[in-house]
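What follows is calculated from the coordinates using simple rules that are stated; it is not laboratory data. Computed from a predicted model, the values in this text were never measured in an experiment. Cβ atoms come from the backbone with ideal geometry, glycine included; neighbour counts cover every protein chain shown.
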Amino acid sequence: MSTIAPFTNPTAVPRKKTIQNLRQKKERGEPITMLTGYDYPTALALDRAGIDAILVGDSLGMVVLGYENTLSVTIDEMLHHCRAVARGARSALLIGDMPFMSYQVSAEEAVRNAGRFLKEGGMDAVKLEGGSDRANSVRAIIRAGIPVMGHLGLTPQSVQMLGGFHPQGRTTETAKLMLEDALALEEAGCFSLVLESIPTRLAELISKRISIPTIGIGAGPGCDGQVLVVHDMLGFFDRFTPKFVKKYADLQGEMGRVFGEFISDVTERRFPMQEHSVEMPDEEWESLLGELAEDENK
Ligand code: KIV
C-alpha cells in the first residue's frame, strides 16, 4: 500500500463562502458560525479555523477603541478594520457593520456608504440595525448589488432609545412587533438576520417563520447560527461581559501574567539572553576597536 500522503496544495485558495452557503446551511439544518473580527491576525485564525462568516462589528468601538458605546464609531474607523480583516480572511464571508448615522438619514446615503464597505473595505456584505423602518434603505442597498444582513432585538446603536443594554421582546406586544420586523426585513431582501438578546422561544419562532438564516447572540439555541464578540469570548475585553457570553479563555489575565513576567525578566536581567541577541564577527569587532583607538589618538 502506498505511504504517500494524498496531494494537498498548501497554497490552494480555500473556497470562498457566500450568502447562498448560509442559506443552504439553514435548509440542511446545519448551524452557521459567525464571530466578530477586527484585525489581520484574528482574521487569519478565524479563517483557518473554518468559520462561516466574520462580522467586522461596530462593537470594535467598545472592545478595541475603548468608547463608552458604539455611537461614536465612524465609517473611516470601520473601513480601517475591514481592510485589515479582508487581508487576513480568504474563505469566510465578510460582513461590515454600518455605524450609527451612516444609513439612517436617507436611502441614498445608505447606498453610498454601504458601497464603501465593498469598494474600500473589501467586505462581501453589510449589516445594519433596525426593523421595518429600515426596509426602504435595505431595498435600495440590495438594488445596488450589496447583500444586507439585518439586526433586531437589542440594537446597540439605539441604546439611548432603549434606555440601556437590556433584553428585548419580552412582552406580547414587543415580540409581535419584532416578528413583523423580521418578516419585513426578509421581504425587503435581507440575506440573514442577527437576533440579539431576545427570549429563546421568540428567537426560535422567528427562525421558523422566516426562510433566511437567523444568527443569534443571547437568543438561545433555536437560531440557525450563533455569533459572539470575539473579545468577549476570549476574555480579552473585561470591562463587562454580557450574561450570554461563553468565555472560552482569559486573555486579559494571561496578558497580565505575561507582561508581569517580562517586567521582572528585564528588571532582574534575565532578558535578553544570547539567543535573543545579534552577534558580530570577532575580526570586525577587533577592527572596529582598533579604528576607534586610532581615531582617539589623532
Ligand atoms: O457589532 C457587533 O459586534 C454586533 C454583534 C454583537 C452581532 O453587532
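Computed from phi, the 3J(HN,Hα) profile of segment 279-290 under the Karplus parametrisation 6.51, -1.76, 1.60 (θ = phi - 60°) reads 9, 10, x, 4, 5, 5, 4, 4, 5, 4, 4, x Hz, with x in place of Gly and Pro. Rounded to the nearest 10 degrees, the inclination of helix 251-267 to the longest alpha-carbon principal axis of the chain is 10 degrees. Taking every Cα-Cα distance in segment 165-235 and sorting them into 5 Å bins from zero, the calculated P(r) comes out as 4, 18, 27, 26, 15, 6, 3, 1 percent. Segment 238-298 and segment 108-154 have Cα centres separated by 46 Å. Taking the C-alpha atoms only, the angle from helix 107-119 to the longest principal axis of the chain is near 40 degrees.
Here segment 19-249 carries DSSP beta bridges of which approximately 5% are antiparallel, counting only pairs with both residues inside. Amide H contacts of HIS151 (H built 1.01 Å from N, in plane; Pro and chain starts excluded): LEU128, GLY130, VAL194 sit under 5 Å, all sequence-distant by 5 or more or on other chains.
Backbone phi angles across segment 120-129, fed through the Karplus curve with coefficients 6.51, -1.76 and 1.60 (θ = phi - 60°), yield HN-Hα couplings of 9, x, x, 7, 9, 7, 10, 10, 9, 9 Hz in residue order; Gly and Pro are listed as x. Where both bridge residues fall in segment 113-214, DSSP classifies roughly 10% of the beta bridges as antiparallel. Relative to the longest principal axis of the Cα atoms of the chain, the long axis of helix 19-28 lies at roughly 60 degrees. Our estimate of slack between ASN136 and THR171, defined as 0.36 nm per intervening residue step minus the Cα-Cα distance, is 9.9 nm.
Considering only LEU46, LEU234, LEU65, the mean-square fluctuation computed in a Gaussian network model of the chain, springs between alpha carbons under 10 angstrom, is largest for LEU65. Compared with the rule-of-thumb size 2.2 N^0.38 Å for a compact globular protein, the chain has a Cα radius of gyration ratio of 1.30. Placing unit charges on each Cβ (+1 for Lys and Arg, -1 for Asp and Glu) gives segment 254-297 a dipole about its Cα centre, and among TRP285, MET255, GLN274 the Cα reaching farthest toward its positive end belongs to MET255.
Straight-distance candidates among the lysines for linking to LYS127, with alpha-carbon spacing under 28 Å and chain neighbours fewer than 8 residues away dropped: LYS16, LYS17, LYS25, LYS26, LYS119, LYS176, LYS208, LYS243, LYS246, LYS247. Each part reduced to its alpha carbon centroid, segment 210-235 and segment 175-190 end up 18 Å apart. Sorted on the mean count of surrounding Cβ atoms within 10 Å across their residues, most packed first, peptides 100-108, 253-261, 241-249 read 100-108, 241-249, 253-261. Place a label point 7 angstrom from the Cα of GLU108 along the Cα-to-Cβ direction, then list the residues of segment 117-138 whose backbone nitrogen is under 17 Å away. Only 136-138 fall inside the zone, counting backbone N under 17 Å. Couplings 3J(HN,Hα) of segment 227-243, computed from phi: 9, 9, 7, 4, 5, 6, 5, 8, x, 8, 10, 10, 4, 7, 10, x, 4 Hz, in residue order, whole Hz [Karplus 6.51 cos²θ - 1.76 cosθ + 1.60, θ = phi - 60°; x for Gly and Pro].
Between ASP265 and LYS243, take the C-beta separation as r, use R0 = 35 Å, and let me know the FRET efficiency to the nearest 0.05. Computed FRET efficiency for ASP265 and LYS243 comes out at 0.35.
For segment 254-297, the ratio of Cα radius of gyration to the globular rule of thumb 2.2 N^0.38 Å stands at 1.92. In this rough spin-label picture, where each label sits 7 Å from Cα along the Cβ direction, the GLN274-ASP250 distance is 3.8 nm.
A protection proxy built from the mean count of other Cβ atoms within 10 Å ranks the segments 115-121, 67-73, most packed first, as 115-121, 67-73.
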